[in-house]
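Below is one structure, written out as structure tokens; comments come after it.
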Amino acid sequence: MNLPDNPLRPDPDALLRAAAREERGRLKVFLGAAPGVGKTYEMLGEGAARRAAGTDVVVGVVETHGRAETAARLRGLEIVPLQRIAYEGHALEEMDIDAVLARRPALVLVDELAHTNAPGSRHDKRWQDVEELLDAGIDVWSTLNVQHLESLNDVVASFTHVRVRETLPDRMLDAADLEVVDIPPDELIERLRQGKVYVPEEAGRALGNFFSKSNLSALRELALRRAAQAVDAQMLEHVRAHAMAGTWAASDRVVVAVSEQRAGMELVRTAKRLADAQRVPWTAVHIETPRTARLDAADNAQLAETLHLAAQLGGQVASVPAESVLAGLSQFAAEARATQLVVGKSSRSRWFELRHGSIVDALVRGRGHGMALYVLPMDTPPPRRRAHDLHLGSWGTMGGYLVSLGLTLAVTLAGALIGSSGTITDLGIIYLVPVMLAATRYGLRTGIVTGLASSLAYNFFFIPPTHTLTIEDPRNIVTVLVLLGVAIFASQLAARVREHALQAQASAARSNAQAGFARLLTAISRPEELAQVLCAEIGRILGGNAVLLMPGDQGLTLHASWPGPAHLEMLDMAAARWAFENDQPAGRGSDTLTASEWLFHPIAAGQTCLGVFGLSRSDARAPVRPDQLPLLLSLLDQGGLALERIALEAQMAELVQVRERDRLRQTLLSSVSHDLRTPLTTMLGSLAELRASEPAQAGLLAQARGAGERLHRFVGNLLDMVRIEAGALHGTTEPVDLAEAVAAVLEDMRAVLSGYTVEAVIPFDTPMVMVDPQLFQHCLLNLLDNAAKHGDPGREITVHAHRTASGIDLDVLDAGPGIPEGEEERIFGTFARIEGSDRKGGSGLGLAIVKGFAQAMGLTVSAANREDAAGARFTLHFDHDHLKEWPEE
Amino acid sequence: MSANPVTVLIVDDEPAIRRLFHAGLTRAGYRVVEAATAREAMAALDIDKPEVVLLDLGLPDRDGLELIPLMAGRTAVLVVSARDETAQKIAALDLGADDYVAKPFDSEEVLARIRTALRRRLPEGPAGQQVRVGAVEIDLMARAVRKAGTEVHLTPKEYGFLAELARNPGRVITHAQLLRAVWGPGHDDDVEYLRVAARGVRRKLEDKPSEPILLRNEPGVGYRLTMGD
């Protein structure tokens, strides 16, 4: 049956064409909530329809479970015989995959996708058979109960207490078309009661539990959700891949390593091109080494931009902490199952490489097993050798200096005591204690100051000549230098350790935050809730105030804020709007409208900007620290995806609702129509039968029949009117040949028009008109009916098409009394009749229907008296948009 | 006919309609079997082996459309439908129904449709190769079309269009079926191709193209080749 066109679903024929081009077959899965919902039945029905439409369909394997209805549907379908597999003295039957491959149908129906094959079959699982069929370019339709999905297995088991052993990897569904076969739980339970449902053994034991209404409702929701998910995943994928259809090879992935260097942007673009060409997913990864923590703001911004670009181009983005770039990259590539790795190689000096080794060389030497390596030259040399700068650290705290110097003093006193006993000559070593402590706890500067103080004290109190600062013995100069050296060395070591610890902490916190954030977002299904959660979570993670603005009827408006209500000044709004319109950050810390207290970042999904996220701080510091920028962008990317998902879900729900309402209205109309027409049909038919058996009463019977036919027409008109008023006209537009359409209508109306001379004048070159053929036919029928009612019998009725400046007019001309002055509009009203014109009966609905139908098709209809003769002229006007010229011959 | 009457199965849940068909068909010499539900219909199909089924699509236990693929091929299926159910008509024809009859129907009309459907189901004789409508003769073997004995040149698409109709004389062939048969898959929506072909055929074969006799257009559904009766 023709459902109204679903704007979200592409033309199925286009898909079929696209699929035919692909070498791999397409999988369609009939997904159900539980056994007995009718998946197999549905699949066979559609299969039969497909076969009737000319597709080469065979049945690979179908379990009827003894259901008669299902078995009936198998009739007329070609069934590939099953193969028998001997197992422990039994003969088990499985799909004969070789026979199907040899038969090479266009489409094969394979029941129970999650089925486990008998031992000794080629594959353990039926879905592996299906993969092989798909690989061979054969389309496969299959069926599946939602609890067999691997990812849902636990969830289902948790409430049904039935665990199924046969599971299906989720990825099978990712590239498949899904059709949910759905019946209400009550109906399913009723079917079960009637013994119409085959119950698998495992479920049989827990029958009472499994088929409870609450379980079935939950399963049903799971099935519907999973289908919705698959649809939006596929849609996102589609958008992301810039309208490239096709299946992703599940195991291939391109990984590109980026750093804070500008050339990273080029690497990202290269990876994207590489991935697109092979239709595989890709990831941009940044390895956070200790060095990363010391990047300056400009570098951080560049890194964030590179990662953001990757997200925008449809890649996944990851940031991985590791000891070294090489280790991190190797591990990540292995975990992500990368098949291709894109890296840049900078033109560094040979000296640099000798000291640090080349990552590329190391990767080539075998760290990247089985991976293709793409190395791109990068022109920009690494800017500064920051890795070898001293950790100057902060100036240190007053407390630090006091503690260190106090300790130096204490050591000096202790030294004096020990020295007075006279046994130890070289006391320099005890000063290591304050120096090491100061350097490791308080940093380099405090360490050096302590080192200097220690040297002075040692020199002054212990080195002869004592109580002077002169050093006579050169050995003592060495002691002083060693103390200073220790201060520097220890402080560097300690600083690095501290940095590592901080970095590990930060990245752990960040990945926790990200993971928690992602988990949180997937659970949300209402847009308001999502907006609030985005603000609260990002605000909390980055420690600031957050707002979310999204476009509405009144432009960009505040949708949520955290921690409390936020007030945005004019300036802030200007920055927000700028960020939204230009899809770039604005406000404090960006390049634009920096006077605002807020920093606004666009939230985008794919190419569309969905809203703007703003951050500020109460303590007047910059809203986002440069090193937090990558985190912010990654959170915003996730937020964008979630917003898009929810928007799509809402759209789909609305669509379902509209369609449901529409369906109800149509159902109501057709049932009323059926109820009215059936008695009429019986009546008219019976009269015809009587006429044959009672020729004597022919006159009377003809009269009754005439009345019945009028009643029938009137009922038809009434229903049409109801349709117009309910807005339930679903036009399909196709090119219609006016000459042909007029001829068909005249043929239909031969009886009504029998008293008239009817002439159709449609010039041969009159273009086709784009209309709904049914509605157009009824317009013509009613116009001719009207002409027959009001025209003078015996005179002519003419249908005349001619070109005008604005398109084409189709005139219906009669030779009757014409239309009274001023009535030209009114006659198109419902139940309008011209005074004294009811001599031939008529509902007064005909012209109203003409007008309603014409409007539904976008045509105009008008009435006037003829200029050339007596009589009325009714004109259907087609403007240029409704015309389609004949092709040149 | 009396020795071995043709069996017609009436599938309709309205007893009144069944009685009506029954009367008319019996009088015309057919053996009539009735079914009120899809289940009964499928049983009758196996037991009574009707040559023709008159199928109402609104059945209590199942959508009548679902029965069509199961019946088509074993028997001729005539669908009984109301006039404003175009989508159903198309679906029925695409699923393999032979024809449809609009409610309220005329008994004579129904009988004529049954005769046409039965004629098509006769084993292939010479008529299967040559189809004659009025003065026009379509030779499917020689791929030639003659009017009053004179060969008329049609373009390949025009011939393909006409031949597809001639293979099923009197039967409505849907737009999609025609397009698929003549233009191949992927053209299901290109109705204008059909309009162009139909116009060409009419211009070359009809006496008065404005009053076509040969080709009958079923608005929004398809075309049929008019039969002589």
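Derivation of every value follows stated rules applied to the coordinates shown; laboratory data play no part. This one's a predicted model, so the numbers in the text were calculated from it and none came from an experiment. In this analysis, Cβ positions are derived from the backbone assuming ideal geometry, glycine residues included, and neighbour counts consider all displayed protein chains.
Mind sorting A:779, A:535 by how few other Cβ atoms lie within 10 Å of their own Cβ, fewest first?
Numbers: A:779 29, A:535 24.
Exposure proxy ranking, most exposed first: A:535, A:779.
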For every other residue with a beta carbon closer than 11 angstrom to the beta carbon of residue A:603, add +1 if it is Lys or Arg and -1 if Asp or Glu, then tell me the sum.
-3
Gyration tensor (alpha-carbon) shape descriptor, region B:126-225, a/c threshold 1.5:
prolate
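Rounded to the nearest 0.05, what FRET efficiency is calculated for residue A:478 and residue A:622 with R0 set to 45 Å and r the Cβ-Cβ distance? Don't skip to the end; give the middle numbers.
Values: r = 48 Å, r/R0 = 1.07.
Step by step, r from the Cβ atoms, then E = 0.40.
Can you show me the helix-derived [θ] at 222 nm for the protein assembly as shown, built from DSSP H runs with n ≥ 4 at -39,500 (n - 2.57) apiece and divided by the number of residues, rounded to the nearest 500.
Numbers: 35 runs with 519 residues, N = 1118.
Mean residue ellipticity at 222 nm (helix-derived): -15000 deg cm²/dmol.
Quote the charge dipole size of the protein assembly as shown about the Cα centre in Debye, to the nearest 20; the model charges only the Cβ of Lys and Arg (+1) and of Asp and Glu (-1).
Numbers: 117 positive and 144 negative charges, 555 e Å.
Its charge dipole is roughly 2660 debye.
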If only Cα atoms are counted, what is the Rg of chain B, and what is its Dmax, in Å?
18.3, 55
Computed over region B:7-121, the Cα gyration tensor eigenvalues, each multiplied by 5 and square-rooted, give semi-axes in Å (largest first) of 18, 16, 15
Sticking with the crude label model, points 7 Å out along Cα→Cβ, report the distance from residue A:803 to residue A:456 in nm, one decimal please.
10.7 nm
Pull up all non-local amide H partners of residue B:144: gap of 5 or more, or a different chain, and H-to-H distance under 5 Å with H placed in the peptide plane.
B:139
Relative contact order as a percentage, region B:1-151, C-alpha pairs under 8 Å and 6+ apart, gives 16 percent
At q = 0.06, 0.09 Å⁻¹, what log₁₀ I(q)/I(0) does the protein assembly as shown have when each alpha carbon counts as one equal point scatterer in the Debye sum?
-0.70, -1.22
Quick P(r) readout (region A:572-646; Cα-Cα; 10 Å bins; whole %) gives 22, 51, 24, 2
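If you average over every viewing direction, what projected area does the convex hull of the Cα atoms of region A:585-711 give, in nm²? Walk me through the intermediate numbers first.
Numbers: hull surface 57.3 nm².
The orientation-averaged projected area of the Cα hull of region A:585-711 comes to 14.3 nm².
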Modelling each spin label as a point 7 Å along the Cα-to-Cβ direction, I'd like the residue A:364/residue A:747 distance in nm, to one decimal.
7.9 nm
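Where does region A:398-496 land on Rg(C-alpha)/(2.2 N^0.38 Å)?
Working: Rg = 13.0 Å, N = 99, 2.2 N^0.38 = 12.6 Å.
So region A:398-496 has a normalised radius of gyration of 1.03.
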How many nm separate the modelled label positions at residue A:429 and residue A:155, each set 7 Å beyond the Cα in the direction of the Cβ?
6.8 nm
Calculate the FRET efficiency for residue A:82 and residue B:46 from the Cβ-Cβ distance with a Förster distance of 25 Å, rounded to the nearest 0.05.
0.50
Test of understanding: what is the full-extension gain from residue A:297 to residue A:402, defined as 0.36 nm times their sequence separation minus their Cα-Cα distance?
34.4 nm
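In whole percent, what relative contact order does region A:538-590 give with Cα contacts below 8 Å and a gap of six or more residues? Numbers along the way, then the final one.
Values: 42 pairs, mean separation 12.2, N = 53.
Across region A:538-590, relative contact order equals 23 percent.
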What residues have an amide H closer than 5 Å to that of residue A:140, excluding those fewer than 5 places away on the same chain, when H is modeled at 1.01 Å from N in the peptide plane?
A:26, A:27, A:28, A:108
Under 8 Å for C-alpha pairs, at least 6 residues apart: give me the relative contact order for region B:1-72, rounded to a whole percent.
38 percent
Given R₀ = 60 Å, FRET efficiency for residue A:821-residue B:62 by Cβ-Cβ distance, to 0.05?
0.55
